[in-house]
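The values are calculated or read from the model by the stated rules, or taken from the named source; none is laboratory data. Everything quoted here is computed from the prediction, not taken from an experiment. Note that each Cβ is placed from the backbone with ideal geometry, even for glycine, and that neighbours are counted across all protein chains shown. In case anyone asks, the SASA skips ligands and DNA or RNA and just uses the protein heavy atoms, side chains included. Shrake-Rupley method; radii C 1.70, N 1.55, O 1.52, S 1.80 Å.
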Amino acid sequence: MPLLLDKFLTALGYPLGLGLAVLVLALILAWLGMRRVAWSAVAATVIMLWVASMPVTAMALLATLEDQYPARLVEDYPVVDVAVVLGGGIEQPSNRNPYPDLQLAADRVFHAYRILKSGKARKLLLSGGAVFAGAGAPTEADAMAGVLMSLGID
């Protein structure tokens, strides 16, 4: 599936994307003369967006995912040949910051450092490309490698 189509369909799974799609549908329904159904769709969308934007809702939904994978100490990990570190959400260098900004991916990089230093993995496999960056931009894997090398990892 092409990347843009994949990103578009993924956005429809989020409350805002779904809400906007329902609002477009409501406009079409109103144009077709089904105003009562259109107003019901608008009201349902407003309620859904309000409920979805409440911190208690977000935390409850997040907990259902996180509780499936309880946190473990690095000491409890099995010893493996290679640990894979996924990229994601790394901001490319810019005029504001000459270094890649790891943002929320920073904890992955530091945890990978812990895993490697504890001897639980012999090597790290860093993943992540430069999906939305211009040609010649460093990949997310390059950005993570730069941070790990600055911490003394080969």
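Things worth noting here:
- Dipole size of the chain about its Cα centre, with +1 on Lys/Arg Cβ and -1 on Asp/Glu Cβ: approximately 340 debye, rounded to the nearest 20.
- Using a probe of 1.4 angstrom and keeping all protein chains present, the accessible surface of the chain works out to 73 square angstrom per residue.
- The chain: most fluctuating residue of Val74, Val24, Val109 per GNM, C-alpha cutoff 10 Å: Val24
- Eligible aspartates and glutamates near Lys120 by straight Cα distance, threshold 15 Å, same-chain separation 8 or greater: Glu75, Asp76, Asp81
- Computed over protein heavy atoms with a 1.4 Å probe, the carbon and sulfur contribution to the accessible area of the chain reaches 67%.
- Span-like helix ranges in the chain, DSSP H, alpha carbon extent 30 angstrom or more, Kyte mean at least 1.0: none
- For the chain, the normalised intensity computed at q = 0.10, 0.20 Å⁻¹ comes to -0.59, -1.22 (log10 of I(q)/I(0), Debye sum over alpha carbons, equal scatterers, no solvent).
- Global geometry of region 61-107, whether rounded, prolate or oblate, following the gyration tensor of its Cα atoms and the 1.5 cut on a/c: oblate
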